[in-house]
1. Those residues that are in contact (Cβ under 8 Å) with a residue 24 or more places away in the chain, among the aliphatic types (A, V, I, L, M) and either at positive phi or out of contact with any Asp or Glu (no Cβ under 8 Å at 6 or more places or on another chain) (or both), I need them from region 195-215; list them, please.
2. Checking Glu117 against (1) part of a helix (DSSP H, G or I); (2) farther than 30 Å from Leu80 by Cβ: exactly one of these is not met. Which one?
3. How many residues does region 135-147 contain that are touching a residue at least 60 places away in the same chain (Cβ under 8 Å) and acidic (Asp, Glu)?
4. Filter region 344-366 down to residues that are within 48 Å of the chain's Cα centre (by Cα) and open to solvent by 100 Å² or more (accessible area, probe 1.4 Å), then give me how many there are.
5. Could you say whether any residue in region 169-188 is of a type in the set (D, E, K, R), within 26 Å of Gln268 (Cβ to Cβ) and touching a strand residue (DSSP E or B) at 6+ places or on another chain (Cβ under 6 Å)?
6. Those residues that are under 17 Å from Ile380 (Cα atoms), without any contact (Cβ under 8 Å) to a residue 60 or more places away in the chain and in a helix (DSSP H, G or I), I need them from region 325-357; list them, please.
7. Restricting attention to region 32-66, which residues are hydroxyl-bearing (Ser, Thr, Tyr) and modelled with pLDDT under 90?
8. Do any residues in region 34-48 that are open to solvent by 50 Å² or more (accessible area, probe 1.4 Å) have Cβ atoms under 8 Å from those of residues that are among the acidic types (Asp, Glu), where the two are at least six apart or on different chains, and which pairs are they?
Amino acid sequence: MSAYLLTSELAQQIVDKTMKIIGCNVNIIDTNGLIIGSGDPERIGELHEGAMMALSLGRMIAIDSKMSGDLHGVKPGVNLPLIIDDEVVGVIGLTGEPAHLKQFGELVCMSAVMMMEQAKLLRSVAQETRLREELVLDLLQSKELSKRHFEWAQRLGIDLNVPRVAIVVGIDSENLKVEVAIDEIKLLQDYLVAQNIGCLFAIRSLTEMIVLSPALNQYGRWDIEEHKARLAQLVLLSEQRSKLNIRTALGHYFKEGMGSNHLAYSYQTAYTTLMLGKQRKPEVKNYYYQEMSLPVLLNSLNSGWTASEFSLPLNKLKAQDSNGILQKTLHAWFKHNLQMGNTAKALHIHRNTLEYRLTKVASITGLDIELLDDRLLMYIALQLDGTNAVEDALHEIDD
């Protein structure tokens, strides 16, 4: 199969461009002798015997009025084989008086060759991009980095020994048409590729892009503030230049020696951070595992019988706390590290009132909040609950 693919779309692009220059009709014919691009739409699909002669002989064929009458689908003009790397990939036909058109033939061929080489380069880049994305997705689905992964990466010029951390970009494109959303996501990816040398990317869906970013800075140090600054800049740029509404989540950086596939684990922490961040703080655009590690780690407990057991005390409290006062009190107490004075001040209540409420919480839940184990059970239950009402309560406390 030829490395230079002459498609109908590319053929018509060549026609449209060259006709603006030379002012005569141009036909592009494939290696089967069929017209696949033309300034005269009615001729597309016709067999061109003049082009067949040019293909057979490998040289320019000039056809005058008398000769055209003896050939099928042919008008006076010149037909030049389109040759790239010693391979005939098609024929360019110029319609008109042969004596006047010969001077334009080579010019049109040069223009066509340049367009085909550019198309080949774009296909090559697109193919490499797809292979890179497939590698990233495969890495994130594998339990361990295998010899196949390293060989695959080496062929693409990627060093898998570079420490990386996962970033998930959540994309809200609901208000956009699919075609527009795809174009906007590609523009976002192009920006990331240009600005973040060494990053690996994969578009998982219209709502998610994955970035595996080098974890260490130029001095070989992990600096979360640098990562935060870049993600903040990305969101700001999206707000200014893009139609997309994006959020980002930075995952955990697993240092070397952790074993298994730390890239997959980093992605899992980034993805969970994004999901929990959207639930708990929908007004925020950037989330960081490093600031949400406990709820992210506990999230795996949020299903099955363990989740049911953890939720029992809190469910009892909710059933008898219709106005949410006791839940707000409990959240404030944990938020202020069990400090009675600071908690009472934040809630604008007397310390005795706080003690009364906590005693009531203990009575309803059956937990002794003086015991560390019982305190921990309640705290985990609150973390797993993670409702917006809880976060609203915390915002009210801060206010």
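1. Leu200, Leu206, Met209, Ile210, Val211, Leu212, Ala215
2. (2)
3. The qualifying residues number 1.
4. 2
5. Scanning region 169-188 turns up at least one residue that is of a type in the set (D, E, K, R), within 26 Å of Gln268 (Cβ to Cβ) and touching a strand residue (DSSP E or B) at 6+ places or on another chain (Cβ under 6 Å).
6. Leu326, Thr329, Leu330, Trp333, Phe334
7. Result: Ser56, Ser65.
8. Listed by first residue and then by second, the contacts come to Leu34/Glu46.
The values are calculated or read from the model by the stated rules, or taken from the named source; none is laboratory data. For clarity, every value in this text was computed on a predicted model and none was experimentally measured. All Cβ positions, even for glycine, are placed from backbone atoms using ideal geometry, and neighbour counts span all protein chains on display. Only protein heavy atoms, including side chains, enter the accessible area calculation; ligands, DNA and RNA are left aside. Shrake-Rupley method; radii C 1.70, N 1.55, O 1.52, S 1.80 Å.
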